[in-house]
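Here the structure comes first, spelled out in structure tokens, and everything after it is commentary.
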Amino acid sequence: MIGRDDLPVVRGRAAARSHPHADHSQKLGSTPASGVAGRASRPAVLAHRLAVTRRTFPRVQCFPRGRAPHFNFGFQVKTSPQPSTICNSQPLPVPKFQIRLHKNDDDKSGKQVRIGSTSKVTVQRTLIENSNNIMKRLFLVALSLVAPLTVMGDTVFSDTFGSGSTINGTPTAPTASTAAYQNWSQGAVPAGYTIASGDLHFAARNTASVFAELQAQFTSTPITLATIGDSVDLTIVFTDTANILNSADNTSAQLTVGLYNSGGVLPLTGSRLDSGSAATGGAAGYLGYIGRMYMNGNSSILTRPAQSGGATSTDQELLFNNAGTGAFNSPTATAVPGNAFTPGVTTSLANGSTYTLNYQITLSAASTLTISNALYSGSSVAGTPLFTDIATASGATLLTTNFDALAFGWRHTGPGEASSVDISSITVNDLIQAVPEPTVFALSAFGGLGLLVMRRWQRRT
């Protein structure tokens, strides 16, 4: 027989030494065979049958022969030997329970189980459960506050020209879906421009060498690239209506786009670039970057510094660095290092076909901008890529990290003919890495610490 000393009373754990010949194959709750020759007697585990009213024990671990089974509880158990069985089942994980004694079991003197303060057990377990739930909820609240703040992508500007946008009208502040576009042209005052829902049309004069551009401020609150990974993305969907980068053009023909920091100044009303007296104001002070793709030429990404030396409207020009009379040159642009001067478009664009131009500037490292320029066939960036160029601005070529204005245009060089485009949409998106408030970090740390303390408490009880 196993004496009382074989079942020492401990807090949180009652241990029983296993009989050296114990049979571990019996299930919990079965009646042991006794007095049968050749069969091993089974160790005593509990004197009374313990009924679990709401759920079962939190964990029952059964060990191989020669080692004692352990019953882990969060309360005290006092017992004396009584024949029972031992299990070889898997752990039974349920945390919340109550225990009741059945008096119809063997109730002889010296063979009783006494549990001190059953209500205390229930209260202790309930308090642990409630504190666990509170800590978990605090941690989840912290995570819910932090997670949405990691990356925020927004459409800053989206215009399909049906909400009140204008062209060559009085300069006015932009909204999220409208802008006051200004059409500038070299060699003549712009003419033939129109704007309607789904279509902004502008053209260059009929000649062998000419450039034309569209300017606009797209937001009154500049996009600031402050955290590594922040970016601004410009997408223009257009139709090559006539003679943009066609096969008859020479290597000076180009399609050009740019993003700028306007300093809060609206462009002036569009006019002729190589004459007039608009040497100051408007776009003269804009800082930014231009991406130009040539027809079979050396494409590049360039800076556009603020202009200060012109006596005519040349200082209002944003795209065509030193490309001829009317192009900005005071000072001239600087090529952005990296993959600048990549091969240009080798397949001519087709009149009447739709294309998507995507221009993106990203803060890729501290005081470093990665600038990409790409052209796709079709009405989205999912189309076939026709051109890509990437460069990196830093040091002397890092002019600005704030952007609120755009420009788009082309240069036609070749046969004397008209050239024009129809734009169906202009969209500007940003991707900003939001920085959480210090209180959010504190709440997250508090929730995590609470979970750690909770786990250590559970193990000790």
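The values are calculated or read from the model by the stated rules, or taken from the named source; none is laboratory data. None of these values were measured; they are calculated from a predicted model. Backbone-built Cβ (ideal geometry, glycine too); neighbour counts: all protein chains shown.
Please verify whether ILE236 is touching a residue at least 60 places away in the same chain (Cβ under 8 Å), buried (at least 24 other Cβ atoms within 10 Å of the Cβ) and under 30 Å from the mean Cα position of the chain (by Cα), treating the condition exactly as stated. No: the conditions fail for ILE236. Is there a residue being aromatic (Phe, Trp, Tyr) and surrounded by 18 or more Cβ atoms within 10 Å (Cβ to Cβ) anywhere in the range 331-350? For the range 331-350, residues aromatic (Phe, Trp, Tyr) and surrounded by 18 or more Cβ atoms within 10 Å (Cβ to Cβ): absent. The listed residues are LEU234, LEU245, LEU255, and the only one of them that is assigned to a loop (DSSP other than H, G, I, E, B) and among the hydrophobic types (A, V, I, L, M, F, W, C) turns out to be LEU245. Of all the residues in the range 197-225, those that are closer than 21 Å to THR239 by Cα and under 38 Å from the mean Cα position of the chain (by Cα) number 11. Condition check: assigned to a loop (DSSP other than H, G, I, E, B), touching a residue at least 24 places away in the same chain (Cβ under 8 Å), of a type in the set (A, V, I, L, M, F, W, C) and crowded, with 24+ Cβ neighbours inside 10 Å. Does ILE228 satisfy that? Against the criterion (assigned to a loop (DSSP other than H, G, I, E, B), touching a residue at least 24 places away in the same chain (Cβ under 8 Å), of a type in the set (A, V, I, L, M, F, W, C) and crowded, with 24+ Cβ neighbours inside 10 Å), ILE228 does not qualify. Consider THR280 carefully, then state whether it is of a type in the set (Val, Ile, Thr), part of a loop (DSSP other than H, G, I, E, B) and at pLDDT below 95. So THR280 passes the test. Would you pick out the residues in the range 283-317 that are in a loop (DSSP other than H, G, I, E, B), in contact (Cβ under 8 Å) with a residue 40 or more places away in the chain and surrounded by fewer than 24 Cβ atoms within 10 Å (Cβ to Cβ)? Hits for the range 283-317 are ASN296, GLY297, PRO305.
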